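Report on the structure given below.
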Amino acid sequence: MNTVRLGVIGCGGMCRAHLGSVGAQSPAISEDLRPFAERIEVRGLADIDLSKAEAYRDSYGGAYATTDPERVFTDPDIDAVLITTWHDTHAPYSLRAMECGKHVLIEKPMAMTLAECDAILDAEARSGVKYMVAFRCRFATGARDVKREIPQPDNIIAHARVDGIWPEGLWAQDPIKGGGQILSQGCHVVDMMFYLAGAEPESVYAVGGVFHHSQPDPTDTINAVVRYKNGAVGAFLGGDGGTGRLMAPHPLPCGCPFFVMVVSKGRSAIAIDHGHDARFHSSDPDWTPPYEFGNHSQDLGADVSSGVPDILPAFARCILQDEAPPASAADGAHTTRFILRCFESARTGKVVPL
Ligand SMILES: NC(=O)c1ccc[n+]([C@@H]2O[C@H](COP(=O)([O-])OP(=O)(O)OC[C@H]3O[C@@H](n4cnc5c(N)ncnc54)[C@H](O)[C@@H]3O)[C@@H](O)[C@H]2O)c1
């Protein structure tokens, strides 16, 4: 295969961010991924709003725009599908795409329920296609530096609280279409937390509930303690209604005050701003940190989507070179399961195995 012929479903804001990499247009794509970005072409685009699909065909090319995702799934000239719709369609569209033999790049969160996670893992194993979740923090320089320097931390502390109260009318706040701020945005930080922990989680105990909204669902506040199978321990704080800017210097280039902090016997580090920047501190005479504060995202300029430009090219590379995706269905399932188990623990008051 010389090129990846791409079908696109859901032509909104995040789709635009990904399609900026088609043909290696974005200057923010990493050098090693550029050759793969050049080998992606858009073939068909679908959205429930035809005008959006047509506008993206005008901008990024493609043989057709449609309101019918089935046309994309069954198109023999499509190798892979990028799914950037609202969250309730992620699992059903993923399953249909794999059934049709298409490779899948799914925006986060991969799934909204435990049953959906299981179904996707099962379909991925049966279909043999490449299935990748668009977790952007794994592509970020600061997070990678932290992982290299402190690969087996004994404490992992994650913060994913945002300043504002998410509007009730926002689709992502809808319990069916979106699942709320913790599932929608917190999932980035949960993924980075597990990536940096380098260990399997064992159990979680959470307190929380609904503090900032009028509806009983979704949960908008979680304060959780996590135990890992290798003996490490950690915490996850997620929700909306305040704290983001208090916890990080602003302005941040990617605009994201979330962070994951790791600690190991006098060595500590914090990955911030979607993992693009990192800070290190040493009280271990045998370890000199690589730098104090990375400013990597500043190096990429004011591109608020930085990190994202590498995702689609990395997906193309794993198809063209038959490599394992950098964020797999198992990673997507870990994240959704963890958040749902936090909700369960907060509801029942019990420690929940993961
Ligand atoms: N990685 C990130 O930093 C990041 C940032 C924002 C959004 N996202 C994710 O990207 C995805 C899309 O979010 P967005 O902000 O682009 O939303 P959006 O509303 O801008 O775009 C979604 C598009 O999907 C279309 N759509 C909805 N349901 C559909 C269906 N059943 N079939 C076909 N099209 C459908 C909508 O008409 C819309 O054009 C979500 O999963 C979201 O969580 C990721």
Problem set entry | Residues of the stretch 1-22 classified as modelled with pLDDT of 95 or more, farther than 14 Å from LEU105 by Cβ and more than 16 Å from the ligand (Cβ to nearest atom), total | 1
Problem set entry | Criterion (among the charged types (D, E, K, R) and in contact (Cβ under 8 Å) with a residue 40 or more places away in the chain) met by exactly one of ASP58, ASP68, ASP32, ASP88 | ASP88
Problem set entry | Test for ARG279: is it part of a strand (DSSP E or B) and either touching a strand residue (DSSP E or B) at 6+ places or on another chain (Cβ under 9 Å) or at pLDDT 90 or above (or both) | yes
Exercise. Taking the stretch 23-42 as the region of interest, how many residues are at pLDDT 95 or above and not in a helix (DSSP H, G or I)?
Worked result: 5
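Out of MET98, MET110, MET14, MET1, report the one residue that is surrounded by fewer than 23 Cβ atoms within 10 Å (Cβ to Cβ), within 30 Å of ARG337 (Cβ to Cβ) and hydrophobic (A, V, I, L, M, F, W, C).
Testing whether each residue is surrounded by fewer than 23 Cβ atoms within 10 Å (Cβ to Cβ), within 30 Å of ARG337 (Cβ to Cβ) and hydrophobic (A, V, I, L, M, F, W, C) leaves just MET14.
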For this session: Report yes if some residue within the stretch 144-159 is within 16 Å of the ligand (Cβ to nearest atom) and either under 28 Å from ALA197 (Cα atoms) or free of Cβ contacts under 8 Å to residues at least 12 places away in the same chain (or both); otherwise report no.
Result: no
Exercise. Looking at the stretch 210-269, which of its residues are free of Cβ contacts under 8 Å to residues at least 24 places away in the same chain, of a type in the set (A, V, I, L, M) and more than 27 Å from GLY307 (Cα to Cα)?
Worked result: VAL210, VAL225
Exercise. Being assigned to a strand (DSSP E or B) and under 27 Å from SER203 (Cβ atoms), is that true of even one residue in the stretch 243-259?
Worked result: yes
Problem set entry | ASP75 being of a type in the set (Asp, Glu) and in the same structural domain as GLN173 (by TED's automatic domain parsing) | no
For this session: Mind counting the residues in the stretch 44-103 that are more than 12 Å from the ligand (Cβ to nearest atom), touching a helix residue (DSSP H, G or I) at 6+ places or on another chain (Cβ under 8 Å), in a helix (DSSP H, G or I) and not hydrophobic (A, V, I, L, M, F, W, C)?
Result: 3
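Restricting to the stretch 176-194, what's the tally of residues that are of a type outside the set (A, V, I, L, M) and closer than 13 Å to HIS159 by Cβ?
3
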Problem set entry | The listed residue being touching a helix residue (DSSP H, G or I) at 6+ places or on another chain (Cβ under 7 Å) and buried (at least 21 other Cβ atoms within 10 Å of the Cβ), out of ALA316, ALA346 | ALA316
For this session: Considering every residue within the stretch 34-49, establish whether at least one is surrounded by fewer than 22 Cβ atoms within 10 Å (Cβ to Cβ), farther than 19 Å from ALA97 by Cα and of a type in the set (A, V, I, L, M).
Result: no
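The values are calculated or read from the model by the stated rules, or taken from the named source; none is laboratory data. Computed from a predicted structure; not experimentally measured. Counting neighbours? That spans all protein chains shown, and the Cβs are built from the backbone with ideal geometry, glycine included.
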